[in-house]
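Here is the structure we will look at.
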Amino acid sequence: MLRNIIIGSLILLFVQKLSAQNNFREVVYFSFDRYELTPESKRKLDIVIKKFNLSNLVNEVKIYGHTDSVGRGGYNDSLSLKRANAVDNYLREHGINGEIISTIEGYGERNPININNRQLNRRVEVIISEKEKIKDTVTRIENAKKWPKEKYVDINMDSLKVGESISLKNIQFYPGKHRFKPE
């Protein structure tokens, strides 16, 4: 029973680690009433592209467009979406796989970051969710295999899917600790 609990916990940790993510955020700014990328915005996006084009660890990209409060709500919504689409097009044209871009939204003037400086609100936020490097997780699992044979059970790891839930019954931990209580 204890060996099943231990290996079950290891699997749970493995699945959680595979789905853990690091987020990276870049903000590019726009001129008043414009949705064309500025040279500075392109430079920032080029750095993002260079960093993440060389990596297979990107889980998803979300793009959120914003405007300042000048103008009507409907116009600002449209302008913010055009800004988000301009960033999306630039990323795709420069090699970012379009399949990982999960969200392109325009919020208009609804999410200002500074009411005293309208220029800071004319922006697009690019949020990149990067999967954690699996190498560290695999190392931990390999170390777990060095336990005595009676402490774990062989399980086909290929049958597990990222984000899969595992239910472990009758497991008790010491309060505030990550260690098991004996049965």
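Taken together, the values in this text are just the output of simple stated rules run on the coordinates, not laboratory data. This is a predicted model, so every value here is computed, not measured. Heads up, the Cβs are rebuilt from the backbone with ideal geometry, glycines too, and the neighbour counts pull from every protein chain shown.
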Revision key, fill the gap. Amide H contacts under 5 Å for Glu130, restricted to residues at least 5 apart in sequence or on another chain and with H modeled in the peptide plane, are Asn22, Asn23, Phe24, Asn59
Practice item. Select from the stretch 19-50 those trypsin sites (Lys or Arg not before Pro) which occupy a DSSP coil region and have at most 14 other Cβ atoms within 10 Å, ordered by residue number. Key: Arg34
Exercise for review: Provide the net charge surrounding Lys51, with neighbours chosen by a C-beta distance below 10 Å and charges set as Lys +1, Arg +1, Asp -1, Glu -1.
Suggested key: -2
Check your understanding: Roughly speaking, what is the stretch gain from Glu26 to Ile115, that is 0.36 nm per residue apart minus the C-alpha to C-alpha distance, in nm to one decimal?
Key -> 30.0 nm
